[in-house]
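Below is one structure, written out as structure tokens; comments come after it.
The values are calculated or read from the model by the stated rules, or taken from the named source; none is laboratory data. On a predicted model such as this, the values are computed, not experimentally measured, just so you know. A quick note on method: Cβ atoms are made from the backbone with ideal geometry, for glycine too, and the neighbour counts reach across all protein chains shown.
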Amino acid sequence: MIVQDGAQVGFFSLSRDARALYIRELQIDESFQRMGAGSWAIDQVVAIARKEGRPALRLTVFENNPACALYERKGLNVVGKDEFFLRMQRDFSTGVL
């Protein structure tokens, strides 16, 4: 759960394997979007991935989802694509912040 000033603003769910930490879902209540909650959540996930020594952070997102711009700002790059989805990844093995 993502809670801000006592209000539930969203949630995220993760999974992991030896190759990466995966964002399975990241949902921010519409009334809290564009107020930093999604950015904060991704920062927390990046910190978890680094603490666990995961080589990458990965997610799949609809190609037309406005959150793609947020993910790109947070260092995730498109590494694959199909008819509807983008596969995005941030690689930690390069040492780039």
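Quick notes
- Candidate set from segment 49-65 (those that are among the hydrophobic types (A, V, I, L, M, F, W, C) and not in a helix (DSSP H, G or I)); member that is surrounded by the most Cβ atoms within 10 Å (Cβ to Cβ): Leu57
- Of all residues making up segment 13-38, the number that are out of contact with any Lys or Arg (no Cβ under 7 Å at 6 or more places or on another chain) and either more than 20 Å from Asp91 (Cα to Cα) or polar (S, T, N, Q) (or both): 11
- Single residue of Val46, Val78 found to be of a type in the set (Val, Ile, Thr), under 16 Å from the mean Cα position of the chain (by Cα), at pLDDT 95 or above and part of a helix (DSSP H, G or I): Val46
- Check on Ala41, surrounded by 12 or more Cβ atoms within 10 Å (Cβ to Cβ), under 22 Å from Val78 (Cβ atoms), under 14 Å from the mean Cα position of the chain (by Cα) and touching a residue at least 40 places away in the same chain (Cβ under 8 Å): no
- When Tyr22 is tested against (1) at pLDDT 95 or above; (2) outside any strand (DSSP E or B); (3) surrounded by 15 or more Cβ atoms within 10 Å (Cβ to Cβ), only condition (2) is not met.
- Looking only at segment 44-86, and only at residues there that are out of contact with any Gly (no Cβ under 7 Å at 6 or more places or on another chain) and touching a residue at least 40 places away in the same chain (Cβ under 8 Å), the one that is farthest from Phe12 (Cα to Cα): Arg50
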